[in-house]
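The structure appears right after this line, and notes come after that.
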Amino acid sequence: MKFSVDKHDKYVTLKLKEPRFTNDNAPGLKSELYLLNAEGFKNIIVDLSHVKECKDAQDLSCLLVGDRLCKSAGGLFIVTGINDEIAPIIELSNIFQSVTFVNTLAEATDFIFMDELEKEFRGDK
């Protein structure tokens with residue numbers, strides 16, 4: 001699976017560079033999510049803007065793994081870059097009930113920084 005990883009202080013961005021999201025490349029994403037979590041990243045953004053095709057909702061289950069890992073670490077898992085081609089399968093899968101979806105990468109980073117500020121303000125850190 002082709003992807004790029006952009007690590008920052010408070011979050012990491014994982015950008016898929018594949019045109020199709022299938023059961024052949026979903027395990028690679030799942031493995032990378034486990035590795036990033038093991039490295040201590042609790043806030044992960046997955047950018048799917050290059051993905052133009054996803055035929056099976058089962059392939060999206062690796063996103064639930066990322067969400068679970070981040071939540072258990074006290075962080076956020078955010079998916080961005082959903083286009084009109086894959087939006088229907090995401091809607092059918094009901095994954096949006098668990099995973100946070102935003103329109104842009106900028107929105108995702110803002111969401112994370114706001115959450116981190118809120119935690120600092122409450123004294124959760």
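The values are calculated or read from the model by the stated rules, or taken from the named source; none is laboratory data. Treat the numbers as computed from the prediction; the structure is a model and nothing was measured. Cβ atoms come from the backbone with ideal geometry, glycine included; neighbour counts cover every protein chain shown. For accessibility, only protein heavy atoms count, side chains too; no ligands or nucleic acids. Shrake-Rupley method; radii C 1.70, N 1.55, O 1.52, S 1.80 Å.
For the peptides 112-124, 22-34, 90-102, what is the packing order when you average, over each peptide's residues, the other Cβ atoms within 10 Å and list the highest mean first? Present the calculation step by step, with values, prior to reporting the outcome.
Working: 112-124: 12.1, 22-34: 16.5, 90-102: 14.6.
Going by the mean number of other Cβ atoms within 10 Å, highest first, we get 22-34, 90-102, 112-124.
As a test, work out the antiparallel percent of DSSP beta bridges whose residues both lie in the stretch 3-51, rounded to the nearest 5.
Values: 5 of 9 bridges.
Around 55 percent of the beta bridges assigned by DSSP in the stretch 3-51 are antiparallel ones.
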Task: Size of charge dipole - the stretch 25-74 - debye, nearest 20, with Cβ of Lys, Arg +1 and Asp, Glu -1, no other charges - done: 140 debye
Open item on the list: Taking amide H atoms as placed 1.01 Å from N in the peptide plane, list the residues 5 or more away in sequence, or in a different chain, whose amide H sits under 5 Å from that of Val79.
Closed with: Val46, Thr100, Phe101, Val102
Task: Reachable lysines from Lys119, criterion Cα separation under 22 angstrom, eight or more residues apart if same chain - done: Lys7, Lys10, Lys42, Lys71
- [ ] Show that you can apply the helix-only estimate: for the chain, add -39,500 (n - 2.57) for every DSSP H stretch of four or more residues, divide by all residues, and state [θ] at 222 nm to the nearest 500.
- [x] -12500 deg cm²/dmol
TODO: With r as the distance between the Cβ atoms of Asp56 and Phe121 and R0 = 41 Å, compute the FRET efficiency 1/(1 + (r/R0)^6) and round to 0.05.
DONE: 0.45
TODO: Enter the accessible area per residue of the chain (Å², integer; probe 1.4 Å; all protein chains in place).
DONE: 55 Å²
Task: Size of electric dipole in the stretch 36-116: Cβ of Lys, Arg +1 and of Asp, Glu -1, about Cα centre, debye, nearest 20 - done: 260 debye
TODO: Over the chain, calculate the relative contact order: mean separation of alpha carbon pairs under 8 Å at least 6 apart, over the residue count, as a percent.
DONE: 24 percent
